[in-house]
Amino acid sequence: TLVGGCVGLVDHRTFVQGSTPESTGVWTYTASDAPEEPVMETAFLATSGADPGEGAAFALGAAIVPLSSGDAWVGGGIDSRSGSLAATAREFRADTLRFDVADAQALPRVWGPIRLLDDTGTVAWGCGWRDLARSSEISSLDLFNVESGASIATVELVEARSGCELTVLPDGAILVSGGGSATAEIVVPYWP
């Protein structure tokens, strides 16, 4: 219940984003035939007696993207220490087990789906809420690059659909569906 999300890193370890320092870190998977072990007992924790870094936020509902450097980009979520939206995106450095403020920033949100659009780190981060109670919805998509930090656009959706699903279509367009709506929208990103 303390883990908000996870992502596979390029070195085949798993970054685990938790709501406490003790539930956040890097887990090394050994083999498919290895005995099951609780993640908490096998993780190299981000804050095991060490400073977690200036960008640390132990959050639920954050978006997580693996970076080509072997690190992880983490955006949004609710910071469990303050109960407020984690307003700054951060990068988890897998080698030092510390957080730094990320170059790539976007409108922070809780439980908004994030999808890679290409192999350069361009993502669509959509919908979601501004609070844990899900009372303040966000009905837009942010298009940006988690590797370079370049912001591309914020696209407002035609109707509110904060619990949406994003599907990247073969031509690069994004199908936005669900979120309490019986309709869907197609967003065609503008690439400069």
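The values are calculated or read from the model by the stated rules, or taken from the named source; none is laboratory data. Owing to the predicted nature of the structure, the values given are computational and were not obtained by experimental measurement. All Cβ positions, even for glycine, are placed from backbone atoms using ideal geometry, and neighbour counts span all protein chains on display. Calculation scope for accessible area: heavy atoms of the full protein, side chains included, ligands and nucleic acids excluded. Shrake-Rupley method; radii C 1.70, N 1.55, O 1.52, S 1.80 Å.
With respect to Arg115, is the statement that it is of a type in the set (Lys, Arg) and in contact (Cβ under 8 Å) with a residue 40 or more places away in the chain true? Let's see the steps before the verdict.
On the way: of a type in the set (Lys, Arg): yes; in contact (Cβ under 8 Å) with a residue 40 or more places away in the chain: yes.
Yes, satisfied.
Could you list all residues from the range 103-113 that are closer than 14 Å to Ala62 by Cα and either touching a Ser or Thr at 6+ places or on another chain (Cβ under 8 Å) or buried (at least 23 other Cβ atoms within 10 Å of the Cβ) (or both)? Explain how you work it out, then say what you get.
Step one: list which residues in the range 103-113 are closer than 14 Å to Ala62 by Cα, which gives 105-113.
The answer is Gln105, Ala106, Leu107, Pro108, Arg109, Val110, Gly112.
Against the condition of a type in the set (A, V, I, L, M), at pLDDT below 95 and more than 25 Å from Gly70 (Cα to Cα), how does Ala106 come out, does it pass?
Working: of a type in the set (A, V, I, L, M): yes; at pLDDT below 95: yes; more than 25 Å from Gly70 (Cα to Cα): no.
For Ala106, the condition - of a type in the set (A, V, I, L, M), at pLDDT below 95 and more than 25 Å from Gly70 (Cα to Cα) - is not met.
Is it the case that Asp100 is at pLDDT 90 or above, among the acidic types (Asp, Glu), surrounded by fewer than 17 Cβ atoms within 10 Å (Cβ to Cβ) and not in a loop (DSSP other than H, G, I, E, B)?
Against the criterion (at pLDDT 90 or above, among the acidic types (Asp, Glu), surrounded by fewer than 17 Cβ atoms within 10 Å (Cβ to Cβ) and not in a loop (DSSP other than H, G, I, E, B)), Asp100 qualifies.
Looking at Ala94, Ala72, Ala133, Ala86, can you tell me which residue is more than 18 Å from Glu165 (Cβ to Cβ), in contact with a Phe, Trp or Tyr (Cβ under 6 Å, 6 or more places away or on another chain) and either open to solvent by 10 Å² or more (accessible area, probe 1.4 Å) or in contact (Cβ under 8 Å) with a residue 24 or more places away in the chain (or both)? So that I can check it myself, show each step before the final result.
On the way: Ala94 fails: in contact with a Phe, Trp or Tyr (Cβ under 6 Å, 6 or more places away or on another chain); Ala133 fails: in contact with a Phe, Trp or Tyr (Cβ under 6 Å, 6 or more places away or on another chain); Ala86 fails: in contact with a Phe, Trp or Tyr (Cβ under 6 Å, 6 or more places away or on another chain).
Result: Ala72 is the single residue among Ala94, Ala72, Ala133, Ala86 that is more than 18 Å from Glu165 (Cβ to Cβ), in contact with a Phe, Trp or Tyr (Cβ under 6 Å, 6 or more places away or on another chain) and either open to solvent by 10 Å² or more (accessible area, probe 1.4 Å) or in contact (Cβ under 8 Å) with a residue 24 or more places away in the chain (or both).
Among the residues of the range 22-63, which ones are outside any loop (DSSP other than H, G, I, E, B), at pLDDT 75 or above and open to solvent by 40 Å² or more (accessible area, probe 1.4 Å)? Talk me through it step by step, then tell me what you get.
Taking the range 22-63 as the starting set, the residues that turn out to be outside any loop (DSSP other than H, G, I, E, B) are 22-23, 25-28, 39-45, 59-60, 63.
Add one more test, that the residue is at pLDDT 75 or above, and what stays is 22-23, 25-27, 59-60, 63.
Within the range 22-63, Glu22, Trp27, Leu60 qualify.
Going residue by residue through the range 164-181, is there one that turns out to be touching a strand residue (DSSP E or B) at 6+ places or on another chain (Cβ under 6 Å), closer than 22 Å to Leu2 by Cβ and without any contact (Cβ under 8 Å) to a residue 60 or more places away in the chain?
For the range 164-181, residues touching a strand residue (DSSP E or B) at 6+ places or on another chain (Cβ under 6 Å), closer than 22 Å to Leu2 by Cβ and without any contact (Cβ under 8 Å) to a residue 60 or more places away in the chain: absent.
Give, as residue ranges, the strands (runs of 3 or more DSSP E) completely inside the range 150-192 that count at least 1 residues that are open to solvent by 50 Å² or more (accessible area, probe 1.4 Å) and not aliphatic (A, V, I, L, M).
151-156, 164-168
Can you tell me which residue in the range 119-130 is farthest from the chain's Cα centre (by Cα), limited to those that are touching a residue at least 12 places away in the same chain (Cβ under 8 Å) and farther than 16 Å from Ala72 by Cβ? Don't jump to the end; show me each part of the working.
First, pick out the residues of the range 119-130 that are touching a residue at least 12 places away in the same chain (Cβ under 8 Å): 120-130.
Cutting the leftovers down to farther than 16 Å from Ala72 by Cβ gives us 120, 122, 124, 126-130.
Numbers: Thr120: 17, Thr122: 13, Ala124: 11, Gly126: 11, Cys127: 13, Gly128: 12, Trp129: 14, Arg130: 14 Å.
Across the range 119-130, the extreme among qualifying residues is Thr120.
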